[in-house]
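Student: Encoded as structure tokens, here's the structure I'll be asking about.
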Amino acid sequence: MCGIVGFTGTRQAAPILLEGLSKLEYRGYDSAGIAVRDGDGRTEVVKAKGRLKALEEKTDCGLAMKGCCGIGHTRWATHGEPSEANAHPHISDDMDVVAVHNGIIENFREIKEKLSKKGYTFYSQTDTEAVVKLIDYYYKKYNSGPVDAISKAMVRVRGSYALAVMFKDHPGEIYAARKDSPMIIGVENGEAYLASDVPAILKHTRNVYYIGNLELAKLSPEGVEFYNIDGDIIEKEPTEIKWDAESAEKGGYAHFMIKEIHEQPKAVSDTLASAVKDGRIDLSAVGLSDEDIEGIGQIIIVACGSSYHVGISAQYVIEDLARIPVRVELASEFRYRDPILKKDDMVIFISQSGETADTLEALRDVKRRGIRTLAIVNVVGSSIAREADNVFYTLAGPEIAVATTKAYSTQLIVCYLLAVQFAKVRGEIDEERYVSLISELMSLPAKMQRLLDDKERIQWFASKFSNSKDIFFIGRGIDYAICMEGSLKLKEISYIHSEAYAAGELKHGTISLIEDGTLVVGVLTQNDLFEKIISNMVEVKSRGAYLMGLTTYGHYNIEDTVDFTVYTPQTDEHFTPSLAIIPLQLMAYYVSLAKGLDADKPRNLAKSVTVE
């Protein structure tokens, strides 16, 4: 979704704001703007439709805008078409108040109507302009200062927001507030920064504060103060970001996506190392004791997108190894149902950002019911991490490309670790099997690297099918879960229509879609299901399909059936998704590359979906 940056200090603000916005381009946007105030409170606002380059040209890369305090924004249209008028920042009628906003204000029409009766005029179609003028209304009516005005507005509005606000009467200060949209603040050497995500300020500071829900902050060169919604000062401790600035750069790769695909072995290795100590799985940092594990009656996994696909894989692995019933739910559907939950259930929430709106709201609903919650997230201090009972952090580092790769892989690893430890604690596997499974997990990074070292065949194959109209993925069992993620990767960055089907469902309608030359990718990593999927592939081949088979070394007889084969190193069948997904990620990337698309910024998509 949209990106926010802010800076106040002794340096010229605009170049810093533009640099920060460039680090947030991966979040998706259609317009951008910055506002800068000088020491006398004079304000300059510049906005541009399209890419950030247009804004840089209008401001001479920020050098034309004087002033050491400012806010910036990249907008992805929700209310109102992409245009300069609808772009942020937005201003009050007299420019006393200037603000940028992420999120959605659900009752903005009601607010707009009220303010119109008070004499306010509106120049945009956005919900944000209504909030800016509401803050201005309270600021002038009560004359109690910025914190009071913003607090009153927070009580009045319904929806989600991260706000950064400047007031003419308070030059050098930026005020921030949030509800259900991410916002971080950094302070370093007499300068203060804010942003909607870490990469925007990582170059300047690694010590950040996370604003809690319904909290406010005042930034100035002297530091930062935090307030609750009643205006009372509250204390916060900073969090150190472990990523270095270079990890959020391309490092010589053409795109972040291909860089992050190559970073998967290290990300998986780091995540394993965080929980495997002296050859045994240690969940003490997660906060799960053996008694907790023994008391689990059922597991419900709640997630969206690729994280949901992780959940589908985890369902197979946990049920098979630990013999605990597992249900996997789409967060966007789960939160609008009245799910049947029991006191001994554990609900696992998976989210890369830890800010996914539907997942976060589902978490809050489950907590209200008194059910134990476990979060699997990548971002330390994120909303889901803070609000869940237990947290298992993935150590993927910053993931910039919109299409997830290394975060997905580390989420899988966490689920494997939970499955193996749950199985051991509950007596479903013996010591020998336990040690063997851990050993196999520890071998995965090297096997992933072998696949990455042999990517040229995938690149050739992808270029051959870059003009496809339809591509289908078929598999059974855990292979079907792999297909779901492989299909999503392809469609989101190549714009080719792609679907994943449980292979046994082909005869129930899907096979009618097969035409001469249609590419069908069959995933066959499970020995017991291998022959059945081969039979399904023969069926589609007889209808004219071109077949790609993705299987493990040893199944060489597959070449009698398929037209192109990709082999993955052998591993325990529960862990095959970690290896099988890599050729499918590479295939999606190289198809996108062959079509001349930007794999990092697919159209209409945002990295973190923090609004419904």
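The values are calculated or read from the model by the stated rules, or taken from the named source; none is laboratory data. Quantities reported herein were computed from a predicted structural model and do not represent experimental measurements. All Cβ positions, glycine included, derive from the backbone under ideal geometry; neighbour counts span all protein chains shown. Heads up: the accessible areas ignore ligands, DNA and RNA and are worked out on the full protein's heavy atoms, side chains in. Shrake-Rupley method; radii C 1.70, N 1.55, O 1.52, S 1.80 Å.
Student: Provide the per residue accessible area, probe 1.4 Å, for the range 1-146, rounded to a whole number of square angstrom.
Tutor: 37 Å²
Student: If I stretch the segment between His508 and Leu214 completely, what's the gain in nm (0.36 nm per residue apart, minus their alpha carbon distance), one decimal?
Tutor: 100.8 nm
Student: Could you tell me the accessible area of Asp38 in Å² (1.4 Å probe, neighbours in place), rounded to the nearest ten?
Tutor: Taking all protein chains as shown, Asp38 has close to 40 Å².
Student: Helix 305-322 versus the longest principal axis of the chain: what is the Cα-based angle in degrees, 0 to 90, to the nearest 10?
Tutor: Approximately 50 degrees, to the nearest ten.
Student: Carbon and sulfur together cover what percent of the accessible area of the chain at a 1.4 Å probe radius?
Tutor: 47 percent
Student: Please give the contour-minus-distance gain from Asp94 to Lys114: 0.36 nm per residue of separation, less the Cα-Cα distance, rounded to one decimal in nm.
Tutor: So the chain would gain 5.4 nm between Asp94 and Lys114.
Student: Once R0 is set to 22 Å, what does the formula 1/(1 + (r/R0)^6) return for the Cβ-Cβ distance between Lys236 and Glu188, expressed as a FRET efficiency to the nearest 0.05? Please list the in-between numbers first.
Tutor: Details: r = 16 Å, r/R0 = 0.72.
Efficiency, rounded to the nearest 0.05: 0.90.
Student: What FRET efficiency would be calculated for the residue pair Asp282, Asp430, taking the C-beta separation as r and a Förster radius of 25 Å, to the nearest 0.05?
Tutor: According to the calculation, E is roughly 0.80.
Student: Could you compute the FRET efficiency for Tyr123 and Cys61, with r as their C-beta to C-beta distance and R0 at 25 Å, rounded to 0.05? Present the calculation step by step, with values, prior to reporting the outcome.
Tutor: Details: r = 27 Å, r/R0 = 1.09.
Plugging the Cβ-Cβ distance into 1/(1 + (r/R0)^6) gives 0.40.
Student: OK, next. So what are the ³J(HN,Hα) numbers for the range 409-417, from phi and the Karplus equation (6.51, -1.76, 1.60; θ = phi - 60°), rounded to whole Hz, Gly and Pro as x?
Tutor: Rounded to whole hertz, the list is 5, 6, 5, 4, 4, 4, 5, 4, 4.
Student: Let me ask something additional. Find the accessible area per residue for the range 456-603; the probe is 1.4 Å, ligands and nucleic acids are left out, and the unit is Å². Please list the in-between numbers first.
Tutor: Numbers: 5560 Å² over 148 residues.
Each residue of the range 456-603 exposes 38 Å² on average to a 1.4 Å probe.
Student: Given only helices, namely DSSP H runs of n ≥ 4 each adding -39500 (n - 2.57), what is the per-residue ellipticity at 222 nm of the chain, to the nearest 500 deg cm²/dmol?
Tutor: Helices in the chain give a 222 nm mean residue ellipticity of -11000 deg cm²/dmol.
Student: Also, I was wondering about something else. Please report the spacing between the Cα centers of the range 443-511 and the range 128-188 in Å, no decimals.
Tutor: With the range 443-511 and the range 128-188 each reduced to a Cα centre, they are spaced 46 Å.
Student: By the scheme Lys and Arg +1, Asp and Glu -1, what is the net charge of all other residues having a beta-carbon under 13 Å from that of Glu56?
Tutor: Once all neighbours under 13 Å are counted, the net charge is 0.
Student: Out of all DSSP beta bridges with both ends in the chain, state the antiparallel percent to the nearest 5.
Tutor: 60 percent
Student: Enumerate by residue number the chymotrypsin sites (Phe, Trp or Tyr not before Pro) in the range 541-595 meeting two conditions: DSSP loop (anything except H, G, I, E, B), and at most 14 other Cβ atoms within 10 Å of the site's Cβ.
Tutor: Within the range 541-595, the qualifying chymotrypsin sites (Phe, Trp or Tyr not before Pro) (loop, at most 14 other Cβ atoms within 10 Å) are Tyr553.
Student: Taking 8 Å as the Cα distance limit and 6 or more residues as the minimum spacing, I'd like the relative contact order of the chain as a percentage.
Tutor: Working: 1386 pairs, mean separation 75.1, N = 612.
Here the relative contact order equals 12 percent.
Student: Within the range 318-402, which trypsin sites (Lys or Arg not before Pro) sit in a loop by DSSP and count at most 16 neighbouring Cβ atoms inside 10 Å? Present the calculation step by step, with values, prior to reporting the outcome.
Tutor: Details: sites: Arg323, Arg327, Arg335, Arg337, Lys342, Lys343, Arg364, Lys367, Arg368, Arg369, Arg372, Arg386; in loops: Arg323, Arg335, Arg337, Lys342, Lys343, Arg369.
Hits after loop and neighbour filter: Arg323, Arg337, Lys342, Lys343, Arg369.
Student: For a protection proxy built on the mean count of beta-carbon atoms within 10 angstrom, sort 228-235, 17-24 highest first, please. Intermediate results must be reported in sequence, preceding the final value.
Tutor: Working: 228-235: 11.6, 17-24: 23.6.
Highest mean packing first, the order is 17-24, 228-235.
Student: For the Cα atoms of the chain, what angle does the longest principal axis make with the long axis of helix 13-22, in degrees from 0 to 90, nearest 10?
Tutor: Between the helix axis and the principal axis of the chain, the angle is about 20 degrees.
Student: A follow-up question, please. Report, in degrees rounded to the nearest 10, the 0 to 90 angle that the Cα long axis of helix 576-594 makes with the longest principal axis of the chain.
Tutor: 60 degrees
Student: Sorting Glu57, Glu539 by accessible area (1.4 Å probe), largest first, what list results? Walk me through the numbers on the way to the answer.
Tutor: Values: Glu57 130, Glu539 40 Å².
My answer, sorted largest first, is Glu57, Glu539.
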